[in-house]
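The values are calculated or read from the model by the stated rules, or taken from the named source; none is laboratory data. Just so we're clear, the structure is a prediction, and the values are computed from it rather than from any experiment. Here the Cβ positions follow ideal geometry from the backbone for every residue, glycine too, while neighbour counts run over all protein chains shown.
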Amino acid sequence: MSFKKLVFSGVQPTGNLHLGNYLGAIRKFVALQEQSDCIYCVVDMHAITMWQEPAELEKSTREVTAAFLASGIDPKAHIVFNQSRVMQHAELAWVFNCVARMGWLNKMTQFKDKAGKDRENASVGLFAYPNLMAADILVYRATHVPVGDDQKQHLELTREIAQKFNHDYSDRIRDLGAGVEMKSGEETVHGFFPITEPVIEGEATRVMSLRDGTKKMSKSDPSDLSRINLTDDADTIAKKIRKAKTDPQPLPSETEGLKERPDADNLVGIYAALAETTREDVLSQFGGQQFSVFKPALADLAVDKLAPIASEMRRISADQAYVDAVLKDGGERASALAEATMKDVRRIIGWLGN
Ligand code: AMP
Ligand code: TRP
């Protein structure tokens, strides 16, 4: 036996869902549901590692859910829910707090970025965040995790945690017959948790700010012009692309010519991702052209692809009872799966009562 392919991913309900979230994550969630069972989670427990106004958190949780549904995720064939409904995430995160080492977490760049200079004042939750993320994935024994490039390091840590748990408890896992044979490179190994594969691919694994091609497009950038929000209407999308930072050169004909030109590279990457093609292809069409030609074409394409999602989000969001029912039903199905894993985990560890 080997692990069955299962996809898991999460998005934080922290407002301002943007084009990077869509191209780097949500659109991949949609594509993967054709081939595999998928679980998509609105991670409201991760959200409170930084202060969130409660009413805003509720609103954003529903908004991310609406974005999932508007983008084409099928909540009946798959599972869509908010994390805090399934308390097994917190339970397994505690176990992982005791598996992961301080030294591992001390290397996490996202903590350093988010905590900033005042590290003493960051929440303990923000530091332990990657352990909760590992728990999200492994409580379902998920094998594949689609994310943007910024989550690579966290997924490495998830793999390390799975490996250490499998190793530390290997005798017990065998005695209880709870493990599974799996491939690890050339070798076949035995363990309880899979060594999860990140799915980070395509032309838009790291969408950059429209105001500064060296900075990631982010929910928390104070400038709204830096990002295209999934709720932006057609005029706003077109305006933001028109105002996007560029350089005075025409577009190159080869991708080589995009090196050292982060703003141009970003816009070409966005075009390629939206058109579901490659940077090479886009440059074979637009090489030698000025941005005065390329930007309107990009704006048309972006409006074409994104405006229908925004209007579908508005339609779905108007029916709050439906959104809440999706989360409740998903939460119930997720709980049953998570509890089955935790029954084994508790026995493996030696916690009485199961
Ligand atoms: P977050 O908003 O941090 O919860 O991110 C949700 C998903 O979107 C994660 O898979 C991120 O890696 C992805 N993501 C966030 N920002 C970007 C970006 N600028 N480009 C590509 N993917 C992104
Ligand atoms: N840390 C991810 C982010 O900020 C969100 C997340 C939480 C996640 N748990 C996850 C992503 C599990 C993938 C799998 O984007």
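Within the range 107-156, can you find the residues that are of a type in the set (S, T, N, Q) and either within 13 Å of ligand 2 (Cβ to nearest atom) or buried (at least 17 other Cβ atoms within 10 Å of the Cβ) (or both)?
Residues satisfying the conditions are Thr109, Gln110, Asn131, Thr143, Gln151, Gln153.
Let me spell it out: the conditions are (1) more than 15 Å from the chain's Cα centre (by Cα); (2) in contact (Cβ under 8 Å) with a residue 40 or more places away in the chain; (3) surrounded by fewer than 21 Cβ atoms within 10 Å (Cβ to Cβ); (4) closer than 24 Å to Thr49 by Cα, and Arg159 meets all of them except one. Which number is the exception?
Of the numbered conditions (1) more than 15 Å from the chain's Cα centre (by Cα); (2) in contact (Cβ under 8 Å) with a residue 40 or more places away in the chain; (3) surrounded by fewer than 21 Cβ atoms within 10 Å (Cβ to Cβ); (4) closer than 24 Å to Thr49 by Cα, the odd one out for Arg159 is (2).
Given the conditions (1) buried (at least 21 other Cβ atoms within 10 Å of the Cβ); (2) outside any helix (DSSP H, G or I); (3) of a type in the set (A, V, I, L, M, F, W, C), report the number of the one that Ile173 does not fulfil.
Against the list (1) buried (at least 21 other Cβ atoms within 10 Å of the Cβ); (2) outside any helix (DSSP H, G or I); (3) of a type in the set (A, V, I, L, M, F, W, C), Ile173 comes up short only on (2).
Is it the case that the range 136-159 has a residue that's at pLDDT 95 or above, more than 15 Å from ligand 1 (Cβ to nearest atom) and closer than 30 Å to Gly269 by Cβ?
Yes, there is a match, as at least one residue in the range 136-159 is at pLDDT 95 or above, more than 15 Å from ligand 1 (Cβ to nearest atom) and closer than 30 Å to Gly269 by Cβ.
Here are Glu186, Glu197: which of them is surrounded by fewer than 17 Cβ atoms within 10 Å (Cβ to Cβ), over 30 Å from Asp221 (Cβ atoms), within 16 Å of ligand 2 (Cβ to nearest atom) and assigned by TED's automatic domain parsing to the domain that holds Val345?
Glu197
Which residues, counting only those in the range 226-247, are farther than 9 Å from Leu306 by Cβ and not in a loop (DSSP other than H, G, I, E, B)?
Ser226, Asn229, Asp235, Thr236, Ala238, Lys239, Lys240, Ile241, Arg242
Of the residues that sit in the range 166-200 and are in contact with a Pro (Cβ under 9 Å, 6 or more places away or on another chain) and at pLDDT 95 or above, which one is nearest to ligand 1 (Cβ to nearest atom)?
Ile200
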